[in-house]
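Down below is the structure, laid out as structure tokens.
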Amino acid sequence: MPLTRITIRQLEAFVTVADRRSFAAASKELGLSASAVSQLVSDLEEVLGFRLFDRTTRRVALSSAGREMLGQAQSTMRNIGLVESFAADVRNRSAGIVRVGAPLVLASTLLPEAMRAFKESHPRVTIYIRDVPVEGMIDRIANGDLDLAIGPDRPPDTAVISEPVFASSWVLWCTPSHPLARKKNLRWRDLKNSDLVAAGRDHEVSVAQMRSNAADGDTVVPADVVENISTALGIASQGLAATLSPAYVGVAAQKHGLIMKRVKEPEVIRQVCLYRPMLRSIPPAAEAFGEFLVGWAKEWNTALQQSLVGAKAKRKLRPAAQNKKGRGTFSPGGCRQP
């Protein structure tokens, strides 16, 4: 028996008549005429090959086969109701699945925080975060592996839409005892004789391009290239080298005790963008999260920059270490502290 011959409308009529024990009452609930409801039930009985109701002029009662059929029909209608409810949630962007990618630092800090904030108002949206190399973001969006990605600016691609989110300066991260840390104004030429470690091919290329038009012998070239920024920060934390990265990496660099030094002449700015596919649609929930993420990431970056500036100010105001006699410490103003 082809199941496609059974319609949802027929099942709905059957379940409603069984519940109301009346074709007239069922017709009012369904907004149909009593004859139309009767015809739907008759059509279903013809498809099934047995009677669902025993009809008399005074009453309508389920047949023995109808009682066995009712549970299955009710279960089917409940499942259809769930499908309709889920479709409404997807349509209203309150449910669905979102696949979003970012480079390691943003994937481990910005995105989890944004996901938690977004799910407060969209608890039925499931978000999967993928950490991807910077150079792989565009391909992952274009081939359908990701709905969204957020990360540093990439060369234009006709298959991907890029939306600027916030700007981040390229800065140097080093230990407070590093020779470059003592320079009040750090310029690119000051880095040429320093050991630098770059994180990934993207950072290596970016650092080289920053001074590609410099005079001979004045080009900044990383002495080593590692796979992940966490490794570069770890190396820098031991004073073995310094590393260059966008300032937003500070969310991880601070945990290593590194300080940020802005590099000028010129100051290089990197744009962080939200990426989405141009040639295919994404789930409504992904559209909603993308819109939320743009505004949320801007606020996240502003708060991060304020914390970096605040940390720098605290270092300047930090009291000197306890003197040799253990009589207290000296504040920057020269007053002894108990």
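The values are calculated or read from the model by the stated rules, or taken from the named source; none is laboratory data. The shown structure was predicted, so the numbers you read here are calculated from the model rather than taken from an experiment. Neighbour counts run over all protein chains shown; Cβ positions are idealised from the backbone, glycine included. With ligands, DNA and RNA removed, areas are computed over all heavy atoms of the protein, side chains included. Shrake-Rupley method; radii C 1.70, N 1.55, O 1.52, S 1.80 Å.
Listed by position, the helices (runs of 4 or more DSSP H) inside region 55-127 whose residues that are under 30 Å from Tyr248 (Cβ atoms) number at least 2 are 104-108, 110-119.
Scanning region 253-274 for residues that are modelled with pLDDT under 90, farther than 15 Å from Gly151 by Cβ and open to solvent by less than 40 Å² (accessible area, probe 1.4 Å) yields Val263, Val268. Candidates are the residues of region 159-204 that are touching a residue at least 24 places away in the same chain (Cβ under 8 Å) and polar (S, T, N, Q); the one that is nearest to His256 (Cα to Cα) is Thr175. Search region 235-252 for residues being under 27 Å from the mean Cα position of the chain (by Cα) and open to solvent by less than 20 Å² (accessible area, probe 1.4 Å), and hand back the single one that is nearest to Asp224 (Cα to Cα). Step by step, filter region 235-252, then rank; the result is Thr243. One residue is enough: does region 59-69 have a residue meeting the conditions at pLDDT below 90 and surrounded by fewer than 17 Cβ atoms within 10 Å (Cβ to Cβ)? Scanning region 59-69 turns up at least one residue that is at pLDDT below 90 and surrounded by fewer than 17 Cβ atoms within 10 Å (Cβ to Cβ). Restrict the check to region 101-111 and report whether at least one residue is more than 30 Å from Leu240 (Cβ to Cβ) and of a type in the set (Ser, Thr, Tyr). Within region 101-111 (the criterion being more than 30 Å from Leu240 (Cβ to Cβ) and of a type in the set (Ser, Thr, Tyr)), the answer is no, since none of the residues qualifies.
If you go through region 3-54 and keep only what is in a helix (DSSP H, G or I) and among the aromatic types (Phe, Trp, Tyr), you end up with Phe14, Phe23. Scanning region 143-162 for residues that are within 17 Å of the chain's Cα centre (by Cα), of a type in the set (A, V, I, L, M) and surrounded by fewer than 20 Cβ atoms within 10 Å (Cβ to Cβ) yields a single hit, Ile161. Determine whether region 122-132 contains at least one residue that is without any contact (Cβ under 8 Å) to a residue 40 or more places away in the chain, closer than 19 Å to Leu279 by Cα and more than 11 Å from the chain's Cα centre (by Cα). No, region 122-132 has no match at all. Is there a residue in region 78-91 that is over 30 Å from Val132 (Cβ atoms) and either touching a residue at least 12 places away in the same chain (Cβ under 8 Å) or in contact with an Asp or Glu (Cβ under 9 Å, 6 or more places away or on another chain) (or both)? Yes, some residue in region 78-91 is over 30 Å from Val132 (Cβ atoms) and either touching a residue at least 12 places away in the same chain (Cβ under 8 Å) or in contact with an Asp or Glu (Cβ under 9 Å, 6 or more places away or on another chain) (or both). Among residues of region 290-323 being open to solvent by 70 Å² or more (accessible area, probe 1.4 Å) and among the aliphatic types (A, V, I, L, M), the one that is modelled with the lowest pLDDT is Ala321. I'd like to check something: does region 95-112 contain any residue that is over 30 Å from Gly234 (Cα atoms), open to solvent by less than 40 Å² (accessible area, probe 1.4 Å) and of a type outside the set (Gly, Ala, Ser)? Taking every residue of region 95-112 in turn, at least one turns out to be over 30 Å from Gly234 (Cα atoms), open to solvent by less than 40 Å² (accessible area, probe 1.4 Å) and of a type outside the set (Gly, Ala, Ser).
In the set (1) at pLDDT below 90; (2) open to solvent by less than 50 Å² (accessible area, probe 1.4 Å); (3) under 21 Å from Asp153 (Cβ atoms), Pro277 fails one condition alone, (1).
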